[in-house]
1. Could you please let me know if GLN64 is modelled with pLDDT of 95 or more and over 15 Å from the mean Cα position of the chain (by Cα)?
2. Before we move on, is LEU13 over 18 Å from VAL76 (Cβ atoms) and either under 20 Å from the mean Cα position of the chain (by Cα) or open to solvent by 70 Å² or more (accessible area, probe 1.4 Å) (or both)?
3. Only residues that are modelled with pLDDT of 95 or more and either in a helix (DSSP H, G or I) or among the polar types (S, T, N, Q) (or both): list them for region 81-95, please.
Amino acid sequence: MKLDNDAIKKSMLLYAITDRGWLKEGETLESVVEDVLKSGATFLQLREKIQGHEEIVKTAINLQTLCKKYNVPFVVNDDIMAAKEIDADGVHIGQSDMEYTKAREILGPDKIIGVSAGNLAEAKEQNISILSYLANHFEAPVIAYIAPFIAFVAITKSFLGHYLGAREGFN
């Protein structure tokens, strides 16, 4: 499912994340996900922290089929290769999974990539990485001119903040 920025924004109204820990006796992940989609979820993320790659792929195929039925974007958490293998709408990665630029190389330009940041420093690091990627990989000339400037301002602001903070500590 190819999504433009407006479609992505609309799909974020009710973002559902799977968790087998909440399943009751007799329930399956697929049946609960279908109920969630019927009830109006607009985006689904498969989150499996215990299962291996092959199990994630099997589950992802089943959930992706349901998401297509309800026209809901579907992303896989952490397992970039599973997302690529089933042609999911995207992936959600944490700091320890893979860098954004590497994930973008693997999945291509049309996939959704969500990135978690545990703290402000990680968020800044990913933003600079994303800006660098935009400047170097898109053919829109405006991005090529604006992204390095934004990155420069962000780096300068960060440096000055640290410098002034350190200087105040010496006084």
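The values are calculated or read from the model by the stated rules, or taken from the named source; none is laboratory data. Note that this is a predicted model, so its numbers are computed, not measured. Here Cβ is always computed from backbone atoms with ideal geometry, including for glycine, and neighbour counts include all displayed protein chains. Ligands, DNA and RNA are stripped out before the accessible areas are found, and what is left, the full protein with its side chains, is counted by its heavy atoms. Shrake-Rupley method; radii C 1.70, N 1.55, O 1.52, S 1.80 Å.
1. Working: modelled with pLDDT of 95 or more: yes; over 15 Å from the mean Cα position of the chain (by Cα): yes.
Answer is yes for this residue.
2. On the way: over 18 Å from VAL76 (Cβ atoms): yes; either under 20 Å from the mean Cα position of the chain (by Cα) or open to solvent by 70 Å² or more (accessible area, probe 1.4 Å) (or both): yes.
Answer is yes for this residue.
3. Within region 81-95, MET81, ALA82, ALA83, LYS84, GLU85, ILE86 qualify.
A quick yes/no check of all residues on (1) assigned to a strand (DSSP E or B); (2) open to solvent by 90 Å² or more (accessible area, probe 1.4 Å):
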| residue | (1), (2) |
| --- | --- |
| GLU55 | no, no |
| VAL72 | no, no |
| VAL75 | yes, no |
| ASP97 | no, no |
| PRO109 | no, yes |
